[in-house]
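Trainee: Below is a structure I'd like to ask you about.
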């Protein structure tokens, strides 16, 4: 009743050939093989593929065996330790601390810089007229401080964004 | 069995023993995934180094081989990703030249090409079975699979390899 078809058998051949199947299935496969020529041929091919795989891996194993992996790994690990405890990391820590401190200073400096910014409007360029009116762009957030860089002047604020400048001399 | 407690304390003698017990397994997996001896060796070394560095966190109840193989797989994947960005000059096909796979390739090359057709898990299984001579239960323990799953992966892998060889290297299969 438990007769296997060629297709089923051939699917199992790689495992059969490596001896990976249970005893029961192994028996079924060998029974089938005894009387089936095409499956025998298929098995021969599987053997060839398997032998070549073995050969390739054996070559790899031989070349790998020549290297003392444990020794290399321990050496690498020791050299790492030296650098970890031998100042390398401490140096790195100093760098890190320095960078952090520099960032804090930079932030403080920038924020102080911006705090001091008050809207100063400088009216430059010589103009001979005794008085002149400056129209400030858009009403500034804070009351602007207006001064004329060219000459002494007094500045009177007329409106939110208009100032009267009269030159004192 | 390896003495996990002594390994955790950094006993180098135990580590040496442990490496000699497991290096073939790791080489098989590594070569199976990377299909290149040099890369495979580098990956194995990196794996042991990572393992040694983190030895204090070792779980004495865990299956240490499986843990090791897990580290190795991560190392190999990182390498594969890197390799994907750098293709070797001899791997770039000449334009206008039709590849003729059966032209005078050595057995090793044919097998490597057939292995390259497989999925990564299949390659690992084939490698462990042929390189380390493990049976399906042992492979299953390392990969966290059942023996029958390992067998079915192995069968489909070998079938794919065979089909590839028959198709592209018919003289090889004769």
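Trainee: Could you order the peptides B:151-160, A:43-52 from most to least packed, using the average number of other C-beta atoms within 10 Å per residue?
Mentor: B:151-160, A:43-52
Trainee: Follow-up question, since we're still on this one. Among B:49, B:34, B:68, determine the one that fluctuates most according to a GNM of chain B built with springs between C-alpha atoms less than 10 Å apart.
Mentor: B:49
Trainee: Here is a follow-up. Between residue B:171 and residue B:80, what is the label-point separation in nm under the 7 Å Cα-to-beta-carbon projection?
Mentor: Those two pseudo-labels are separated by 3.2 nm.
Trainee: Do the sum for chain B: with -39,500 (n - 2.57) for every DSSP H run of n ≥ 4, divided by all residues, what is the mean residue ellipticity at 222 nm, to the nearest 500 deg cm²/dmol?
Mentor: After summing the helix terms and dividing by residue count, I get -22500 deg cm²/dmol.
Trainee: How big is the equivalent ellipsoid of chain B along its three axes, where each semi-axis is √(5λ) from the Cα gyration tensor, reported in whole Å from largest to smallest?
Mentor: 34, 19, 12
Trainee: For labels at residue A:34 and residue B:119 in the simple 7 Å Cα→Cβ model, what's the distance in nm?
Mentor: Roughly 3.7 nm, to one decimal.
Trainee: Per residue, how big is the convex hull around the C-alpha atoms of segment B:1-83? Give it to me in cubic angstrom, could you?
Mentor: It comes to 82 Å³ per residue, whole-number rounded.
Trainee: For residue A:26, project a label point 7 Å along Cα to C-beta. Then give me every residue of segment B:120-147 with its amide nitrogen under 14 Å of that point.
Mentor: Counting only backbone N, you get B:135-137.
Trainee: Label residue A:75 and residue A:111 with points 7 Å out from Cα along Cα→Cβ: what is the distance between them in nm?
Mentor: With each label placed 7 Å out from Cα toward Cβ, I get 5.3 nm.
Trainee: Looking at the P(r) of segment A:6-65, how many percent of alpha-carbon pairs lie beyond 17 Å?
Mentor: When all Cα pairs of segment A:6-65 are counted, 44 percent exceed 17 Å.
Every read-out reported here was derived from the displayed coordinates using simple, explicitly stated rules and does not represent laboratory data. Owing to the predicted nature of the structure, the values given are computational and were not obtained by experimental measurement. When we count neighbours, we look across all protein chains shown, and the Cβ atoms used for this are built from the backbone with ideal geometry, even at glycine.
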